[in-house]
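Read through the structure below, which is laid out as structure tokens, and then see the notes.
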């Protein structure tokens with residue numbers, strides 16, 4: 001339990017950063033997103049005004065009736081309930097057209113452009129158990145599963161000395177713009193986005209996907225700003241839960257496999 005002065009300071013921090021108060025706060029503790037923001041002060045809050053407008057971030061690569069190259073047909077808007085975060089684990093050029101072949105709905109460039117590759121109501125095989133209900137969002141680049149631990153970086157055989165990248169602030173803003181656009185568009189079509197997931201949760205082959213930095217700066221920010229849920233500390237559907245290295249309030253470690 002926190003003392004009165006510490007609790008007051010935490011609540012001031014929450015108010016200043018637009019964070020949501022949860023039951024943990026009312027009981028004298030610190031909610032997960034608040035703790036993550038305190039531990040990562042350089043992380044922009046999802047509710048902060050972006051330095052570049054959403055209109056300048058979004059690149060609509062597909063029209064309302066166009067099917068992307070990775071399309072598996074349409075799905076009802078009311079079946080869209082979440083967003084799954086990924087990392088590309090390779091590096092794409094900034095040209096939005098280079099993203100057309102990605103098996104996801106969004107590609108977020110290093111410079112912060114949010115490229116809509118497939119419309120949200122297009123069924124795309126991007127996230128294993130999340131395919132039917134989630135929109136896939138790919139962050140361009142290769143990132144360590146646990147930031148600061150090179151052993152958690154996936155390396156292809158052709159590049160065994162690869163070093164992990166760090167997220168650009170603009171890329172975080174681009175991802176949050178894509179999430180906000182998706183939430184609004186799904187709602188406009190009569191559906192509701194309620195969840196934010198990591199590909200790790202649905203695949204035992206993707207333990208580092210999307211990685212701790214992406215999860216903390218995009219996933220936790222989406223939870224804080226829009227109230228999205230990740231399923232909780234033990235939630236996984238064919239993969240592994242969110243580890244405590246990604247969310248300090250959770251208990252499973254990155255290496256836990258059960």
Scanning the stretch 192-217 for residues that are part of a helix (DSSP H, G or I) and touching a helix residue (DSSP H, G or I) at 6+ places or on another chain (Cβ under 6 Å), which turns out surrounded by the most Cβ atoms within 10 Å (Cβ to Cβ)?
217
Could you please give the count of residues in the stretch 165-184 that are more than 19 Å from residue 121 (Cβ to Cβ) and surrounded by fewer than 22 Cβ atoms within 10 Å (Cβ to Cβ)?
5
Step by step: first the residues of the stretch 224-244, then only those that are touching a helix residue (DSSP H, G or I) at 6+ places or on another chain (Cβ under 9 Å) and closer than 21 Å to residue 143 by Cα, then the one that is surrounded by the most Cβ atoms within 10 Å (Cβ to Cβ). Which residue is that?
242
Over the stretch 81-131, the set of residues in a strand (DSSP E or B), free of Cβ contacts under 8 Å to residues at least 60 places away in the same chain and touching a helix residue (DSSP H, G or I) at 6+ places or on another chain (Cβ under 7 Å) is 107, 115
Against the conditions (1) surrounded by fewer than 21 Cβ atoms within 10 Å (Cβ to Cβ); (2) within 16 Å of residue 102 (Cα to Cα), where does residue 156 fall short? Just the number, please.
(2)
Here the residues within the stretch 225-253 that are modelled with pLDDT under 95 and under 12 Å from the mean Cα position of the chain (by Cα) are none
Does residue 136 qualify as being assigned to a loop (DSSP other than H, G, I, E, B), buried (at least 21 other Cβ atoms within 10 Å of the Cβ), in contact with a strand residue (DSSP E or B) (Cβ under 7 Å, 6 or more places away or on another chain) and free of Cβ contacts under 8 Å to residues at least 60 places away in the same chain?
no
Out of curiosity, is residue 187 modelled with pLDDT under 95, farther than 15 Å from residue 87 by Cβ and surrounded by fewer than 24 Cβ atoms within 10 Å (Cβ to Cβ)?
no
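The values are calculated or read from the model by the stated rules, or taken from the named source; none is laboratory data. A quick note: this is a predicted structure, and the numbers were derived from the prediction, not measured. Note: ideal-geometry Cβ built from the backbone for every residue, glycine included; neighbour counts use all protein chains shown.
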